[in-house]
Structure formats: structure tokens, C-alpha cells
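Notes follow the structure.
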Amino acid sequence: DTGNSRIQVFSSNGTYMSKWGQYGTTNGTLRSPEGVAVDPSSGNVYVADTANNRIQVFSSNGTYMSKWGGYGTGNGSFNQPRGIALDPSSGNVYVADTANNRIQVFSSNGTYMSKWGGYGSTNGTLRSPAGIALDQEDNVYVADTGNSRIQVFSSNGTYMSRWGGSGSPEEQLRSPAGIAVDPSSGNVYV
């Protein structure tokens, strides 16, 4: 709930269940959170705390557990992280580090592992990536917002393919920000 700087929880039919967070910079508070991912094995909730330039981890009931990051361009630092996803096989955390035009990868406890991308419009480079999702084979789908396209990478950051391009006809995109992969069919929703 970006504008309210909080996370809300609903049942699958839309019934309100709970909420946590409020505007702030201390542990457990949020500033314009834009990305949320849930670890299916532990139930822990990973939040891209966008305006605080960090990732925060909460239990499924909203108890603050840990954080990592901070403003910057170095490994493990962020500039407006918007998208976050966990890989289904190992629980590694993939973050769309939007204003740094890159993807960063961390272990589930926040240890920096790798990065890829960089500003540009050629294959493998990014412009303001906002959304990120993984399929069952740990392929990484990135909503490359500024380039109006989707790019696909292996889990180690090797460029695989792309589609889209700026426009309004079918198969074209204009500033895609959110992306999800259906784990049973592999279909990609943008």
C-alpha cells in the first residue's frame, strides 16, 4: 500500500485480514514500499522499501526481522528499489534496483551475491527496471520499464531473450512496471 507506507494482508477473496508498517525510517517502518515477495517455505515477507533504499524482512504476521541495503551505487546498496522476487529453488532474493538500472541478487539473509544490467537499451542493459519475477527454472523476467520491454535472464544474469517495444498494439508495451509468472503454466503476466 505504497501511498500509505504500509503492507495490508487480504484473503484470496479480498477480505481484509491485517496490516503493518507506517511512514518512517526506523526498523519496521516504511517509506513508499513498492515491491513485496513471500518465501513459500518460511512465510517471511520481503519488502522493497523504496524511498528508504532498503529491503526489510517481516514474519507473516508483520513482526520486523531484518533489513539490508541503504542509499548508494555500490554492491548491496540501492537507489529506489521497486521490484523484488524470490527464486523457487534456493530462496535467493532478486531486486530490481530501479534508479541504478540493475538487478542485484542476495541470499535470503541479505548477503550480496551478484548484479547485472547497467544503463542502456541494448540486450542485457536496463532503463529503470521496476518489476521482476522468476519461473520454476529460476529464469528471471524483468519489466524493463524505461525501454518498454521484457527481458529474460538466467539466474546468473546471462541475457536470454526479450520482447515488447514501445507502442499500444498487441505485443507492444508502454512503461511496463509489474510482472508475474504462473508457476503451473509458465505464462507471463505484464
Among beta bridges assigned by DSSP with both residues in the chain, the antiparallel ones amount in percent, to the nearest 5, to 90 percent
Of the candidate values [x] 15.0, 49; [y] 15.8, 45; [z] 26.3, 79, the one computed for Rg and Dmax of the Cα atoms in Å from this structure is [y]
Å² of accessible area per residue within the chain, as computed with a 1.4 Å probe and no ligands counted
47 Å²
Size of charge dipole - region 53-190 - debye, nearest 20, with Cβ of Lys, Arg +1 and Asp, Glu -1, no other charges:
560 debye
Using the alpha-carbon centroid of each, what span in Å lies between region 1-49 and region 88-103?
18 Å
Which three semi-axes in whole Å describe the equivalent ellipsoid of region 122-181, each the square root of 5 times a Cα gyration tensor eigenvalue, listed largest first?
18, 12, 10
Probe 1.4 Å, all protein chains in place: accessible area of Val47 in Å², nearest 10?
0 Å²
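Probe radius 1.4 Å, ligands and nucleic acids ignored: give me the carbon and sulfur share of the accessible area of region 75-184 as a rounded percent.
Values: 2000 of 4680 Å².
C and S fraction of accessible area: 43 percent.
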Farthest towards the positive end of the dipole of region 1-108, among Met65, Tyr94, Ile84 and with Cβ unit charges of +1 on Lys and Arg and -1 on Asp and Glu, lies the Cα of Met65
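When the chain is fully extended, how far beyond the present Cα-Cα distance does Val36 get from Ser166, taking 0.36 nm per residue of separation? Write out the running numbers ahead of the final one.
On the way: separation 130, 0.36 × 130 = 46.80 nm, distance 2.66 nm.
Difference between extended and current length: 44.1 nm.
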To the nearest 10 Å², what's Trp163's accessible area with a 1.4 Å probe?
100 Å²
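The values are calculated or read from the model by the stated rules, or taken from the named source; none is laboratory data. Predicted model, so just to flag it, every value in this text is computed and none were measured. Counting neighbours? That spans all protein chains shown, and the Cβs are built from the backbone with ideal geometry, glycine included. Accessible surface areas use protein heavy atoms only, side chains included; no ligands, DNA or RNA. Shrake-Rupley method; radii C 1.70, N 1.55, O 1.52, S 1.80 Å.
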